[in-house]
Each structure stands twice: as C-alpha cells, then as structure tokens.
Amino acid sequence: MKRVDDFRLQLGKDELVPIMIGGMGVDISTAALALEAARLGGVGHISDAMVHDVSDRRFDTSFVKDKTRLYKYNIANSDKTDIKFDLGHLAEATRLHVGKTMEAKRGSGMVFVNCMEKLTMNGPRETLKVRLESSLDAGIDGITLSAGLHLGSFALMEGHARFRDAKLGIIVSSVRALQLFLRKNAKLNRLPDYIVVEGPLAGGHLGFGLDWAQYDLQTIITEIVQYLQKEELNIPIIAAGGIFTGSDAVSFLENGSAGVQVATRFTVTEECGLPAKVKQEYFKASEPDIIVNTISPTGYPMRMLANTPAIGDGIRPGCESYGYLLDGNGNCSYIDAYNREVAAHPDQKKIVVMDKTCLCTHMRNFNCWTCGQTTYRLKDTTRKLADGSYQILTAEHVFRDYQFSVDNQIALPE
Ligand SMILES: Cc1cc2nc3c(=O)[nH]c(=O)nc-3n(C[C@H](O)[C@H](O)[C@H](O)COP(=O)(O)O)c2cc1C
C-alpha cells in the first residue's frame, strides 16, 4: 500500500515532499507554519493579505496606525475614494514579512506566498505589482496567485529579474479558468510552474457558486490533465480541497496530481495563527455547522462556521485603517450594505448587516471563522482532554501523518 512519501513533487530541478500547506490569510498560515512545511521537505505558504497589519504584529511597525491617522478625517464619510495605500509602505511591509520569513527558513522545502488578486486596495494594478515584486525582492521561493483570475499578473512581474527563476503558480477551479489564463499569457513565453486545482470542499473563498456541492475535485483534475496532454503541456497539478488523510492524498497522486495542497488539518496546530479559543470552535464543529454563504464583499462564496461572529455584525467600515477590498473606484459592497442599514434604521445604535460583512476588520480580528468542509472531522484527529477541550497538535505531527499514514488512518498525538 502506497504512502505519500513514496511520491515526490518535481518543480523544475527541485524535488519535494508532495505536500503543500495552503495559504490562509490573514496570518492564519503564519511564517511558523510555513517554515515547518519547508523544514520537513514540503512547501509552506505565508499570505500577503493585510500585510501592513501582519508586519505591525510581527515586527512592531506602525503602518496601520499611521494610515488611520492620515485618513482619520474621513471615518464618518461614506465616500472612501480618498483612501489610498502608500506604495512605499506596502513594499516595506511585504519585504519585512517575506524577508524575515525567508531568513528563518531551514530544510530542503520551500516557502511560497499566497497572493489574492481580490485585494484590490483601491488601486488594483499598482498595488498588485508592488506586492508581487516586493515578495520577489525579498527572496520568496514562489508565488501562488489566488482569489481572482490573475489574467494580467504574470505581465506585472515580467520585468523582474526573478520572473523566470521563482516558482510561479496559479489556483484554478475549472479547466475554463486555466484556458483563459494560458491564452492571456501565451505571449510571455512563461508557463506556470504548477497549477493548484482547488475543488469545492476547500476553506476560504471558493471558485464555485452556491451549487458547489455538484462539483467533484477529481473530475475537474481529470479534465485539466486531459487538456494539458492535448496541448502537450507538462505542468504539475496540485490537488486541493477536502484531502483529509494520507490515503486521500495518495488517491490524488495516483490519478494525475503531482502534489496536494492541504489546509484545514493545520488550522488546529500550535503554529496556526488562529487564537486558541477559535481552534477549539473548529474542533467542536459538526457537519451542519459548516456553511457556505455570500457575505464576503469579494463576490466569491466563502465557507465558514455558522457561529462566526462576522455574520450579522454591523461594524462601521474600517477602510481608513484597512481598505484592502476597495475596488479601483473606492467601493466595497459592505459599505453599501452598511449605509443601507444605517439609512433604514436611523435611531438604532447597533446596526445589523446580514448580507455582507466587513471582511478586512473581521479577518484582522480572527472573527471570520472560515474553514474547509472537513472541519467537522478535526475532533477525530486528536484527544479530548480532562477539561473537555481538545489537544492542539503540532504542524510536524499533522505533516508527518499525511506523509506516512496508510489505510485512511489518522495518528493521534502522544
Ligand atoms: C482557514 C482557511 C483560510 C484560507 N484562506 C485562504 C486564502 O487566504 N487564500 C487562498 O488562496 N486560499 C485560502 N484557503 C484555502 C487553502 O489554501 C487550501 O487550498 C484549501 O483549504 C485546501 O483544502 P482543505 O482545507 O480541505 O485541506 C483557506 C483555507 C482555510 C481552511
């Protein structure tokens, strides 16, 4: 019977344990978590989502405070067009987050950064270019382009000295999205080094509609593999979404995938950035507690726990401090929803907004409990302690369980 460790992921000249820990913003996939994956010979991801705030927490910088001070005058104003990001600060925060992580890297694996295109930051092109190039400047091993089609992102990095040597990958959820990407980038003569195919069971934002349950990851992968064969393209496929045991992973590795990207099982590890209390919420969840809704202003459905505090909260939009989801014209659908509720209930002190959430503020405060569909199985991966709580795992334990387990077994911690 095969184990994940019987396979290797070949990325160019590099040979890796075929396990990637997926990016989880905002700082849920911490540098510590990504570094463990790299130390163990796989690939870890940090995320550059809300990088100013991450830098402030990690390195005691004051990017968010400085931005809030600058735009304080606008807090009560519903027009957010003025709220721009200082590109110098963005570059500095990214270089700090990425650079310090890379300095600490040990082992034969790699650390990539997850870059969400939907963080349009009231200046989509210029901010994305700075994010991508600053990560390359700071020595990141690779960039995974996520949440958005990223049709122009390769071109934004084309002039960078590391454009052809860093590993560049994309996340898609359909053969159609892949075709669009490849067509759009054909003239750059630069293929992605890997393609993460993310199915409907993943955490975070989904590349599917509310009919997600009708899709099947292996079916999508088979379509993509057939398409690549037809086009005579040899690009490693990384399967993602709902891969819970080493045996699940082996099944994908035997059927067209060169690696797997996993995340949910690492949300309950010491190295994961979620607060301890939230990790216990993930353990406690049962299947009906896991929902997919449309409260994210990105326009993508998102999976989360039903008791997530972000649902129905009517906090004032926090764009003067954050503003990561402002589109190129200073709009965000949460601002509209919030203003609508304020106008409808002028005397109400506490506003309730059901259809959208202030995702920046809530992700910043770990109040949007996004999770994968398999979260309800996490309780089976650990022991219940005398006080009724669940034992937190180490990333090494979970990584090695994926790498070496057979027969759908899950190793419990010591
Ligand atoms: C808590 C959480 C947050 C996530 N955030 C992001 C993100 O910021 N960007 C992204 O591309 N994917 C994100 N994902 C998706 C993962 O990177 C990964 O592809 C997917 O969840 C793998 O499926 P699994 O969780 O069933 O193992 C997130 C997943 C989880 C569980």
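None of the figures in this text is laboratory data; all of them are computed from the coordinates on show. On a predicted model such as this, the values are computed, not experimentally measured, just so you know. Here the Cβ is made from the backbone with ideal geometry for all residues, glycine too, and neighbour counts use every protein chain on show.
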Arrange Tyr282, Tyr300 by Cβ neighbour counts within 10 Å, fewest through most, would you? Tyr300, Tyr282
Qualifying aspartates and glutamates (Cα of each under 20 Å from Cα of Lys349; at least 8 residues distant if same chain): Asp313, Asp336, Glu341
Projected area averaged over all directions for the convex hull of the alpha carbon atoms of the range 307-405, nm², comes out at 10.2 nm²
Take the cross-link list Lys284/Lys384; Lys279/Lys356; Lys105/Lys167; Lys13/Lys167 and give me the ones stretching past 18 Å between alpha-carbons. Lys279/Lys356
If each residue's Cβ is checked for other Cβ atoms within 10 Å, how do Lys84, Lys277 rank with the fewest at the top? Lys277, Lys84
HN-Hα J couplings of the range 351-368 from phi, Karplus 6.51/-1.76/1.60, θ = phi - 60°, integer Hz, Gly and Pro as x? 7, 10, 10, 8, 7, 9, 9, 7, 5, 4, 4, 6, 5, 4, 9, 6, 9, 10
Evaluate the charge dipole of the chain about its Cα centre and quote only its size in Debye, nearest 20, assuming +1 on the Cβ of each Lys and Arg and -1 on the Cβ of each Asp and Glu. 500 debye
What percentages, rounded to whole numbers, describe P(r) for the chain computed over all alpha carbon pairs with 20 Å bin width beginning at zero? 28, 60, 12, 0
Residue order, fewest to most beta carbons within 10 Å, for Arg95, Arg125: Arg125, Arg95
Quick query: amide H of Asn114 versus all other amide H atoms, modeled in the peptide plane; which residues come in under 5 Å with a sequence gap of 5 or more or a different chain? Ile46, Ser47, Asp48, Thr144
Pair Ala186, Asp216: separation of 7 Å Cα→Cβ label points (nm): 3.2 nm
Taking placed amide H atoms and a strict 5 Å upper bound, the residues 5 or more places from Gly41 or on another chain that come that close are Ser108, Gly109
Distance between the range 229-271 and the range 144-167 - C-alpha centres, whole angstrom: 22 Å
